[in-house]
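J.: Okay, here's the structure, questions in a sec.
A short reminder: the numbers here are calculations on the coordinates, not readings from a lab. The structure presented is a predicted model; accordingly, all values stated were derived computationally and were not measured. Neighbour counts are summed over all protein chains in view; Cβ atoms, including those assigned to glycine, are modelled from backbone coordinates with ideal geometry.
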Amino acid sequence: MFFISGKNKMLIKEYSESQQSCKNCKTFNIEIEVFSEYFHLYLIPFFPTGTKTVKIHCGNCQDVIEDQSLREHYEKITKNPFYIYSGPILVVILISLIVNLNLSTQDEKARYAADPKVGDVYMIRNETFNSSFYTFFKIVKINDDTISAYQSNAEYEKFTSNPAPGDYYNKERKLLLLRSDLKTMLNMNKITSINREDE
């Protein structure tokens with residue numbers, strides 16, 4: 001995999017110094033710019049390297065001012081802004097979104113399994129001795145505690161959100177389940193998804 005990474009610098013703070021005059025034009029208009037070096041990945045700042053650069057010049061005549069003590073002072077008092085940590089912040093946000101989405105999906109599955117409807121489509125993970133495969137079944141009838149469903153004709157080697165084009169629900173592969181069976185299958189993580197047409 002190709003990663004675009006490296007180091008760069010960004011301007012993090014600007015100051016005006018009115019207590020010191022320019023030796024060239026004698027005006028009290030010293031401007032200070034503080035830059036921070038940072039490590040980036042795909043051009044997104046991840047964290048500062050710890051190196052700061054201070055540039056000092058006269059705002060009137062633009063003469064560059066070499067003042068080590070002034071440079072060290074502004075380098076010391078200037079803190080890195082939060083956005084120089086944009087990478088870790090984005091990673092945390094992304095992980096939070098994924099976790100919340102997964103929790104929402106799990107809640108939805110539990111709600112659907114507790115109150116099944118005709119037309120609900122379940123994707124089921126089937127375990128064999130050394131592998132697993134997936135099938136769909138569609139609920140076609142509910143009679144009190146008994147659920148009738150048709151299984152998909154095809155079997156799938158990996159998770160997919162919908163049956164493949166050409167797949168169909170085979171009436172000869174009929175399932176009879178109890179409502180409690182759905183809860184058991186859900187608790188055993190055999191139900192990977194439940195799709196409801198009207199939601």
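J.: How would you rank 82-94, 50-62, highest first, on the average number of other Cβ atoms within 10 Å across their residues?
T.: 50-62, 82-94
J.: Counting Lys and Arg as +1 and Asp and Glu as -1, each charge on the Cβ, what is the dipole of segment 1-75 about the Cα centre in debye, to the nearest 20?
T.: 160
J.: A follow-up question, please. Under the rule a/c < 1.5 gives rounded, and otherwise a/b versus b/c splits prolate from oblate, where does segment 86-159 land using the Cα gyration tensor?
T.: Since a/c reaches 1.5 but b/c is at least a/b, the shape of segment 86-159 is classed as oblate.
J.: Would you mind giving the average projected area, over all directions, of the Cα convex hull of the chain in nm² with one decimal?
T.: Quarter of the Cα hull surface area: 19.5 nm².
J.: For segment 108-195, what relative contact order do you get, as a whole percent, if you take Cα pairs closer than 8 Å and at least 6 residues apart?
T.: 34
J.: With +1 on each Lys and Arg Cβ and -1 on each Asp and Glu Cβ, how big is the dipole of segment 39-109 about its Cα centre, in debye rounded to the nearest 20?
T.: 100
J.: Hey, what angle do you get for helix 86-114 against the long axis of the chain, alpha-carbon based, 0 to 90 degrees rounded to 10?
T.: On a 0 to 90 degree scale, this one is about 20.
J.: Another question, then. With an 8 Å Cα cut-off and a minimum separation of 6 or more residues, compute the relative contact order for the chain in percent.
T.: 14
J.: Please give the charge dipole size of the chain, origin at the Cα centre, charges +1 on K and R Cβ atoms and -1 on D and E Cβ atoms. Round to the nearest 20 debye. Mind showing how you got there, number by number?
T.: Values: 24 positive and 25 negative charges, 48 e Å.
With only Lys, Arg, Asp and Glu charged at Cβ, the dipole is about 220 debye.
J.: Taking the Cα centre of each part, how many Å lie between segment 143-160 and segment 74-131?
T.: 26
J.: Can I ask one more? Aspartates and glutamates near K13 by alpha-carbon distance under 17 Å, same-chain residues fewer than 8 away left out - which ones?
T.: E31, E33, E37, E72, E75
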